[in-house]
Amino acid sequence: MPVELHCHDDLGMAVANSIAGAMGVIDGGQDAYINTTVNGVGERAGNADLVAVLLALKKAKGVAQKYELGMPVDLSKAYKICKYASYAFGVPIPINQPGVGANAFAHSSGIHADGVLKDPQNYELYDFEELGRGEPELVETGREICSGQYSGISGFGHIMGQMAIEFENREEAEKILELVRYANVLAQKPLVADELCFIAQYPDIARDLLTMTPLDSPIMPGKRVKQSRS
């Protein structure tokens with residue numbers, strides 16, 4: 001019978017307990033499922049961090065060689081996903097967060113700096129490129145036009161033009177702007193570039209996602225849960 005592991009980080013051991021538990025389950029001849037969350041966000045001190053668990057399973061000595069993941073995992077979007085989750089949740093990523101924290105690949109002392117420059121594997125168990133890090137990030141320090149629930153067609157066109165997205169006519173631009181305004185109201189914060197691009201490229205899908213409710217069932221379309229009134 002498969003065993004599911006759900007650990008919290010009250011003692012700073014959520015990842016360690018999750019890995020140890022999974023190893024015990026597999027050694028016992030069963031499949032193990034580890035509950036994780038992005039950036040470890042969760043009740044109280046949080047849950048087992050998704051990236052940290054995956055890094056432990058893929059990189060830890062004596063673990064990766066003996067235990068296999070149920071399916072291939074591509075970590076190349078890990079940094080981007082964790083940064084977006086931090087922005088969406090309003091919860092900063094700790095600077096020492098494995099793999100994605102600001103200090104995860106920072107070296108200060110002389111012996112560390114010298115060693116990592118000669119061979120990164122002296123001090124780094126994995127490359128930052130594996131996690132999608134290393135690309136330059138543009139930070140606007142001058143005039144900035146933001147998208148929001150009160151955006152006008154001129155400012156919106158300017159924002160999308162900077163991302164090389166053009167509209168065939170004003171009607172199309174207004175249609176996309178309407179969706180962007182609605183998405184901003186739901187998010188209660190400016191949309192990121194990827195969100196704007198997605199809405200512009202797939203407006204019909206975006207509309208369905210924005211108007212979806214918990215009672216909408218993708219398995220049984222048209223069916224609704226009846227609620228009784230007392």
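Read the figures in this text as sums done on the coordinates, not as results from a lab. Since we're looking at a predicted model, the values are computed, not measured. A quick note on method: Cβ atoms are made from the backbone with ideal geometry, for glycine too, and the neighbour counts reach across all protein chains shown.
For the reader, a short list of remarks on this structure follows.
- Highest-fluctuation residue, 92, 136, 190 considered, GNM on the chain with Cα pairs under 10 Å: 136
- For residue 5, nonlocal amide neighbours, meaning residues 5 or more places apart or on other chains whose placed amide H falls under 5 Å from its own, are 33, 34, 35.
- Under Karplus coefficients 6.51, -1.76 and 1.60, residue-wise ³J(HN,Hα) of the range 119-125 in Hz, glycine/proline x: 7, x, 6, 4, 10, 10, 6
- Peptide packing: for 121-128, 154-161, the average count of neighbouring Cβ atoms within 10 Å per residue gives the ranking 154-161, 121-128, highest mean first.
- Sequentially through the range 192-203, phi angles give Karplus couplings (6.51, -1.76, 1.60; θ = phi - 60°) of 7, 4, 4, 5, 4, 5, 4, 5, 5, 7, 10, x Hz, Gly and Pro residues having no value and appearing as x.
- Note that the range 158-163 has calculated 3J(HN,Hα) couplings of 5, 4, 5, x, 5, 9 Hz, one per residue in order, obtained from phi through the Karplus relation 6.51 cos²θ - 1.76 cosθ + 1.60 (θ = phi - 60°); glycine and proline are x.
- Within the set [x] 18.2; [y] 21.4; [z] 17.7, the number that Kirkwood radius over Cα pairs in Å takes when calculated for this structure is listed as [y].
- For the range 3-131, convex hull volume per residue from C-alpha positions, Å³: 121
- Value of relative contact order over the chain, rounded to a whole percent, pairs C-alpha under 8 Å and six or more apart: 11
- For the range 3-131: relative contact order, % (alpha-carbon pairs under 8 angstrom, 6 or more apart): 18
- Restricting attention to the chain, lysine pairs at least eight places apart or on different chains and with alpha-carbon atoms under 19 angstrom apart total 5.
- Most tightly packed first, judged by the mean number of other beta-carbon atoms within 10 Å of their residues, the peptides 69-78, 179-188, 143-152, 98-107 read 98-107, 179-188, 143-152, 69-78.
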